[in-house]
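Step one of this worksheet: look at the structure below.
The values are calculated or read from the model by the stated rules, or taken from the named source; none is laboratory data. Keep in mind the model is a prediction, meaning the values are calculated, not measured. In this analysis, Cβ positions are derived from the backbone assuming ideal geometry, glycine residues included, and neighbour counts consider all displayed protein chains. Please note that ligands, DNA and RNA were not included when accessible areas were found on the heavy atoms of the full protein model with its side chains. Shrake-Rupley method; radii C 1.70, N 1.55, O 1.52, S 1.80 Å.
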Amino acid sequence: MKIHEYQAKELFKKYGVPVPSGGVAFNPEEAGKIAAALGGFPVVVKAQIHAGGRGKGGGVKIAGSLDEAKALAKKIIGMSLVTHQTGSEGRLVKKVLVEQGLNIQKELYLGIIPDRASAKIVIMASEAGGMDIEEVAEKTPEKIIKIFVDPLAGIYPYHCRDAAFGLNLPAGAVKEFSAMLKNLYSLFVDCDCSLLEINPLVITAEGSVIALDAKINFDDNALFRHKDIAGYRDTDEEDPLEVEASKFNLNYIKMDGNVGNMVNGAGLAMATMDIIKLAGAEPANFLDVGGGASAEMVENGFRIILGDKNVKGIFINIFGGILRCDVLAEGVVQAARKTGMKVPVVIRMEGTNVEAGRKILSESGLNLITAVDLQDAAQKVAKIVRI
Amino acid sequence: MSIFVNRNTRLLVQGITGKEGQFHTRQCVAYGTGVVAGVTPGKGGQKMDEIPVFNTVKEAVGKTGANCSMIFVPPSFAADAIMEAADAGIALIVVITEGIPVIDMMKVKNYIAGKKSRIIGPNCPGIITPGECKVGIMPGHIHKPGGPVGVVSRSGTLTYEVVHQLTQKGIGQTTCIGIGGDPVNGTNFIDCLDAFQKDKDTKGIVMVGEIGGTAEEEASEFISKNVTKPVVGFIAGLTAPPGRRMGHAGAIISGKSGTAQGKIAAMKKGGIHICDNLGVLGELCVSVFDHA
């Protein structure tokens, strides 16, 4: 799960990680009040969306006066902000973060992520702050310091010293930085983060260490033990169909093609999207109804796929394991009767009780197109959407 | 021959009295797996069908000599259950549970390092040596006993698809392992490839990967140096958008890392026969393994 910068900074404050003074505003008047209360200019007005590259897209501006702050907030709130992560349609900005401008002396990068292969938590730090860190990693990997922490032992002062001295921090900032890094690590572990990133982390002319930006993603699997963090979810940032699917515990991701598809199991669902593409069409979505899908889940999945206006044909690919094909066939027939067959449906079923399943489909009287195998199914559905 | 499980496996089921645990335990028994014990804290002394239930893994191991555990407990209790099994000396711990927090699994993996236990999973279908022993939730009947091909995969139903195609073409399997779709797992591709390479009955290997992480890249490197048997590879997720979690917690392209294209390139470089079209994987396997 992703959250906004202002929410991440709330968590930072809770954990004693210094951030600039400021607040979130939903309209220019609120932005003005916050700016006035900061007690000095310049202030920074930052669009709050779940995408990086906001500055380059024109979503982060500096205001030298109260009037300018209000004018910028007016301009940014309501704009469709296009960044390299939003796609060409951009993302509607509904709120801005208004913050005190800082006297920046040095910009650093700091990130914490889990390392899959070693099962250690990795702290990444670089003097190349404020830049695209992926680019830094690719072109000049030596500029990134990596520190591996065993999650059983936790973080120790030497980890922090390794980072601080590796970053060539001014002597006066080492202690403050180390305390901050320890707090960030605690936040990462306590809250089950899957990514924590500060880019840039700044050293001010006064020698303070401050998180100018803040990005946190959370491990969805751990949200059950963080009800407060789950409350940070902003469904405005998600596709409406994806929000709807999540209510039924369906793994649905909307895409740009016109072949809707429903599959049991994530790996097979991805492979199904791939074979649609290989057959010359484009998948409209990813939808995994799960290994133990019920008739009801199939029905909801069907409805959500049909909620996408681009869908010209549907490909249902089920490998019956423990979940029997006859049970699934019943679900499909029920769903098709209830929601209506607005577009052609190609079904490919294999596995447990497949004969009984095929019988149910053929006797349903519905105009379902059956396929003998994956290859056949992909070609049939691709042909349908091409017409 | 086979790897990790066979007819001598003595299976214990953690979470045996739950709905899933009961159902799949019965399926495993029906397949012929030697299920010797179950564990559900507080239900010690009861029986699930004819299988004795114990309060702790230690007690179950002491009384029954169980050497393998299959775990069905819910995500919030899974780390505890895995460490309990490891401490009780269980050699092979197969974790079916989906949805375990990543930090929990990281702790488990570091805890288990240096112990004798092997973890398979989590978030996996399990492991099967066709005709001998099924420890997992896969449908037994799609498999063909006797080898000569070993299968290792990060997926569930996609593995069934692959196995089904092999069986349809008359190609049997030595052992099929689902290593799971989570970012941090116990047994990885390399562990399985190494075991298949050493298993004299396995003549070829099918490796099924997907987007996210770098396990396939590392496995390719290992194959080029250590595996002499032919390997057929498939990667799911060529059309997956970056930054999105594709069902499996581990199936996510982060920036430039974890793409299907990158994995396929690495696998080709490692000498793996790449299957571009899942629809004809069976045919490809016939042509590759017949010449093996």
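On C-alpha positions alone, give me the angle between the axis of helix B:260-269 and the longest principal axis of chain B, in degrees, nearest 10. Compared with the principal axis, the helix lies near 70 degrees.
Taking the C-alpha atoms only, the angle from helix B:75-87 to the longest principal axis of chain B is near 80 degrees.
Note on region A:182-280: with charges restricted to the Cβ of Lys and Arg (+1) and Asp and Glu (-1), its dipole about the Cα centre is near 300 debye. Considering only trypsin sites (Lys or Arg not before Pro) in DSSP loops that have at most 12 other Cβ atoms within 10 Å, the longest stretch of chain A without any of them is A:57-308.
The residue list A:Ala377, A:Ala269, A:Phe302 was ranked by how far each Cα lies along the charge dipole of chain A toward its positive end, using unit charges on Cβ atoms, and A:Phe302 comes out on top. Taking amide hydrogens as placed 1.01 Å from N in the peptide plane, the amide H of A:Leu195 sits under 5 Å from those of A:Asn217, each at least 5 positions away in sequence or on another chain. Carbon-plus-sulfur accessible fraction, the protein assembly as shown (probe radius 1.4 Å, protein heavy atoms only): 52%. Beta bridges per DSSP, both residues in region A:222-317: antiparallel share near 35 percent.
Kirkwood hydrodynamic radius computed over region B:10-96 comes to 12.3 Å, based on all pairs of distinct alpha carbons. Using the Cα centre of region A:35-178 as origin and beta-carbon charges of +1 (Lys, Arg) and -1 (Asp, Glu), tell me which of A:Phe165, A:Ser80, A:Ser118 is placed farthest towards the positive end of the dipole. The residue sitting farthest along the positive end of the dipole is A:Ser80. P(r) tail for region A:37-170: Cα pairs beyond 25 Å make up 46% of the total. A simple charge model with +1 on the Cβ of Lys and Arg, -1 on the Cβ of Asp and Glu and nothing else charged puts the dipole of region A:28-116 at about 160 debye relative to its Cα centre. For chain A, a Gaussian network of Cα nodes joined below 10 Å ranks A:Ala153, A:Ala164, A:Ala125 by mean-square fluctuation, and the top entry is A:Ala153. Its relative contact order, with pairs defined as Cα atoms under 8 Å and 6+ residues apart, puts chain B at 14 percent. Dividing the convex hull volume of the alpha carbon atoms of the protein assembly as shown by its residue count gives 157 Å³ per residue. The residues of region A:110-255 present an accessible area of 44 Å² per residue when probed at 1.4 Å with all protein chains retained. When the accessible area of each residue in region B:215-243 is compared between its chain alone and the complete protein assembly (1.4 Å probe; ligands, DNA and RNA ignored), which residues differ by at least 10 Å², being lower in the assembly? Those residues are B:Glu218, B:Phe234, B:Ala236, B:Gly237, B:Leu238, B:Thr239, B:Pro241, B:Gly243. Averaged per residue, region A:261-387 has 37 square angstrom of accessible surface, using a 1.4 angstrom probe with ligands and nucleic acids left out.
Charge tally for A:Leu92 (other residues, Cβ to Cβ under 14 Å; Lys, Arg +1; Asp, Glu -1): -1. Beta-bridge orientation, chain A: approximately 75 percent antiparallel, per DSSP, counting only bridges with both partners inside.
Per residue, the accessible area of region B:142-292 comes to 33 Å² when a 1.4 Å probe rolls over the protein heavy atoms. Of interest is the spacing of the C-alpha centroids, which for region B:66-139 and region B:2-48 amounts to 13 Å. Cross-link partners for A:Lys106 among the aspartates and glutamates, with Cα-Cα distance under 18 Å and sequence neighbours closer than 8 places in the same chain left out: A:Glu127, A:Asp132, A:Glu176, A:Glu197, A:Glu206, A:Asp213. Computing Rg and the Kirkwood Rh from the Cα coordinates of chain B gives a ratio, Rg/Rh, of 0.97. From largest to smallest, the equivalent ellipsoid semi-axes obtained for region A:95-187 from the alpha-carbon gyration tensor read 22, 17, 15 Å. Result for chain B in a Gaussian network model with C-alpha springs under 10 Å: among B:Leu166, B:Leu238, B:Leu193, the largest mean-square fluctuation is at B:Leu238. Accessible surface buried by the B/A pair amounts to about 4200 Å², both sides summed, 1.4 Å probe.
P(r) tail for region A:268-369, what percent of Cα pairs lie past 17 Å? When every Cα pair of region A:268-369 is considered, 49 percent fall beyond 17 Å. Entry for region A:330-374 at q = 0.13, 0.19, 0.31 Å⁻¹: log10 I(q)/I(0) = -0.26, -0.56, -1.31, Debye formula applied to identical alpha-carbon scatterers, no solvent contribution. For region B:111-210, trypsin sites (Lys or Arg not before Pro) are listed when DSSP marks them as loop and at most 14 other Cβ atoms sit within 10 Å of their Cβ; the list is B:Lys115, B:Lys116, B:Lys200. Evaluating kT/(6 pi eta Rh) at 20 °C and 1.002 mPa s, with the Kirkwood radius of region A:211-333 over Cα pairs in the Stokes-Einstein relation, gives 137 µm² s⁻¹. Ranking B:Gly15, A:Ile387, A:Val149 by Cα position along the charge dipole of the protein assembly as shown, where only Lys, Arg, Asp and Glu carry charges on their C-beta atoms, puts B:Gly15 farthest toward the positive end. The orientation-averaged projection of the convex hull spanning the C-alpha atoms of chain A amounts to 21.9 square nanometres. Dipole size of region B:175-292 about its Cα centre, with +1 on Lys/Arg Cβ and -1 on Asp/Glu Cβ: approximately 220 debye, rounded to the nearest 20.
Principal-axis analysis of the Cα atoms of chain B puts helix B:157-168 at an angle of about 70° to the longest axis.
Could you pull out every one of the lysines with an alpha carbon less than 25 Å from that of B:Lys269, ignoring same-chain neighbours closer than 8 positions? Result set, ordered by chain and number: A:Lys139, A:Lys277, B:Lys198, B:Lys203, B:Lys225, B:Lys229, B:Lys256.
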